[in-house]
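The values are calculated or read from the model by the stated rules, or taken from the named source; none is laboratory data. As the structure is a prediction and not an experimental result, all values here were calculated from the model. When we count neighbours, we look across all protein chains shown, and the Cβ atoms used for this are built from the backbone with ideal geometry, even at glycine. Side chains are part of the model used for accessible areas, which takes the heavy atoms of the whole protein and leaves out ligands, DNA and RNA. Shrake-Rupley method; radii C 1.70, N 1.55, O 1.52, S 1.80 Å.
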Amino acid sequence: MTDFYEFGWGDSFHFAPRKKGEDFWASIRRCERNFADRLELKPGMIALDVGCGVGGPMREVSRHSGAKVDGINNNAYQVRKVETYNRKLGLDHLCSVMKADFLNMPIPDSSYDAIFAIESLPHAPDKRQAYSEIFRILKPGGLFVLHEWCLTNRYDASNPEHLRLKFGIEIGNGLPELAPVPEVISALKNAGFELLETWDAALDSDPETPWYRGLEGKDLSLTSVPRTPIGRAITNLVTRALEALRVFPQGTTAVSTLLNHAADDLVAAGRAGIFTPLLYAKARRM
């Protein structure tokens, strides 16, 4: 799945609010720079990216702020990629990664000046445990900023189509049950954080460029093709042929198909307004 994500999404596995006239890549980098600014990062500070993927956000945050950024990831394949990319881009003096479970981090208390998580914590089966662990390793007075995947107040658990979309997003993205917004906010507070601000950043997008536009096929550029419905269908056909020829490992087509269905469910849930991947929250450890 990592390779498919990189093929369609580059090195930053997340969505972003988009301004009118802004392309996909510009929105992603602006989102990451905003995280650095909201964390008030500067040279000499050390931040942690919780669930860092292949390291795109941590590198942009570090480049923008001059701060050192560590990443944590429990996927050995992705950890190796982070190390390689950091070295090739000449950022290994500022960016590093460790393989560990973010529910049980082998990090001393009060280690970091700031911590961020960009759409990684939906994978945590226990929100309060995840936030409590982050609270523990954050220095007193330090800031924590995140984007979370959440069900909005328009989600209706008695609506069969809403249930189908919710389940499709969970299965297609390897997630435990999606949480409603109030559950996320409550978990942050119960972990000990002072909540400074929160809103659905999906609503910051221009109506012509919603967060799911990259999956709709409305971006007309060569680099956007792998994310579009037709591009994803072509990719599926190619992987099927190469898997049959044993060029790709068995199961590649199944993964491609799973991701295609997940993308369609994300778009449908976004259009219905029942789901957001961009619940923004900024909190402080007192």
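Using the 2.2 N^0.38 Å rule of thumb for compact globular proteins, work out how the chain stacks up: its C-alpha Rg over that value, please. Working shown, then result.
Details: Rg = 18.6 Å, N = 286, 2.2 N^0.38 = 18.9 Å.
Here the answer is 0.98, to two decimals.
Using the average count of surrounding beta-carbon atoms within 10 Å as a protection proxy, the listed peptides 106-118, 60-72 rank, highest first, as 60-72, 106-118.
What a 1.4 Å probe finds exposed on the chain is 56% carbon and sulfur by accessible area, rounded to a whole percent. Sequentially through the range 125-137, phi angles give Karplus couplings (6.51, -1.76, 1.60; θ = phi - 60°) of x, 10, 4, 4, 4, 4, 5, 5, 5, 5, 4, 4, 8 Hz, Gly and Pro residues having no value and appearing as x. The phi torsions of the range 8-16, fed into the Karplus equation with coefficients 6.51, -1.76 and 1.60 and a -60° offset, translate into couplings of x, 10, x, 9, 10, 8, 7, 8, 7 Hz, rounded to whole numbers, with Gly and Pro shown as x.
Calculated FRET efficiency, residue 237 and residue 156, Cβ-Cβ r, R0 45 Å, to nearest 0.05?
0.80
At full extension, residue 163 and residue 271 could sit 37.4 nm farther apart than now, given 0.36 nm per residue minus the alpha carbon distance. Annotation: lysines with alpha-carbon distance below 19 angstrom to residue 19 (same-chain offsets under eight excluded): 218. Accessible surface for the range 153-196, divided over its residues, is 55 Å² per residue with a 1.4 Å probe. When each of the peptides 26-35, 205-214 is scored by how many other beta carbons lie within 10 Å of its residues on average, the order from highest to lowest is 26-35, 205-214. Using a probe of 1.4 angstrom and keeping all protein chains present, the accessible surface of the range 38-141 works out to 41 square angstrom per residue. Rounded, prolate or oblate, given the Cα gyration tensor of the range 184-286, with a/c below 1.5 counting as rounded? The shape class here is prolate.
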